[in-house]
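All remarks here apply to the structure that follows.
The values are calculated or read from the model by the stated rules, or taken from the named source; none is laboratory data. What you see is a predicted model, and the numbers here were worked out from it, not measured in a lab. Note that each Cβ is placed from the backbone with ideal geometry, even for glycine, and that neighbours are counted across all protein chains shown.
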Amino acid sequence: MGSRRTPVRGPADVVTMELILWRHAEAAPGEPDSARPLTDRGRTQAQVMARWLAPRLPAELRVIVSPARRAQETALTLGRSFETIEALAPGCDVATVLGTVGWPDGERTVLLIGHQPTLGETAAQLIDGQETSWRIGAGAVWWLRSRQRKSRGDAVLLLALEPEILERESSAH
């Protein structure tokens, strides 16, 4: 996974899309919900994940972010430009996510920084075809790739990474 990646081609030379779901890092409690900042631990989670992601992301990447403060603060740690999409605010649905990212026909990788339960619902629907919600921990990344199977499209999970693993790794060195 270098920074000069080209779209992945599967069987019959079909271009597949990659979608990276990054849940905002740990946020402080409070009201209004949209104004909740990251905690100190949340800032650390976001920074270690951003450091891990940076060399693995393609140069041609679309980064889209919820307008909520905690998602915006998580996105800033990546050091890349991003789009704030009002429709991705807490409480949005899977159809909104998929329409916004252009799944499964997008021509470039999309990194979406958003919220539970929507990210878990999106992962469950794409990977397993289920209308349920999988838990994606604060600051975690799930990296998906679209694929065609017979007459339907679905996704394969390439990576699920919790920031705790990266924090352990950095404290061991």
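Just to be sure, is Arg108 more than 13 Å from Glu18 (Cβ to Cβ), of a type in the set (Lys, Arg) and out of contact with any helix residue (DSSP H, G or I) (no Cβ under 7 Å at 6 or more places or on another chain)? No: the conditions fail for Arg108. Any idea which residue in segment 31-43 is surrounded by the most Cβ atoms within 10 Å (Cβ to Cβ), counting only those that are of a type in the set (Gly, Ala, Ser) and within 19 Å of the chain's Cα centre (by Cα)? Per the criteria, the residue is Gly42.
Quick one: in segment 146-173, of everything that is at pLDDT 90 or above, farther than 22 Å from Ala75 by Cβ and of a type outside the set (Ser, Thr, Tyr), which residue is surrounded by the most Cβ atoms within 10 Å (Cβ to Cβ)? Only one residue tops the list, namely Ala155.
When Ala46, Ala27, Ala59 are screened for being of a type in the set (A, V, I, L, M, F, W, C), surrounded by fewer than 16 Cβ atoms within 10 Å (Cβ to Cβ) and in contact (Cβ under 8 Å) with a residue 24 or more places away in the chain, only Ala59 passes.
The set of residues from segment 83-99 being buried (at least 18 other Cβ atoms within 10 Å of the Cβ) and under 24 Å from Thr16 (Cα atoms) comprises Ile85, Leu88, Val94, Val97.
Only residues that are out of contact with any helix residue (DSSP H, G or I) (no Cβ under 9 Å at 6 or more places or on another chain) and at pLDDT 95 or above were counted in segment 4-32, giving 5. Contact map, segment 111-130: residues that are within 22 Å of Val63 (Cβ to Cβ) and buried (at least 17 other Cβ atoms within 10 Å of the Cβ) paired with residues that are among the hydroxyl-bearing types (Ser, Thr, Tyr) and modelled with pLDDT of 95 or more, Cβ distance under 7 Å, separation 6+ or inter-chain. Pairs shown: Ile113/Ser66; Ile113/Thr74; Gly114/Ser66; His115/Ser66.
The residue list Glu83, Glu73 contains one member that is charged (D, E, K, R) and without any contact (Cβ under 8 Å) to a residue 24 or more places away in the chain, which is Glu83.
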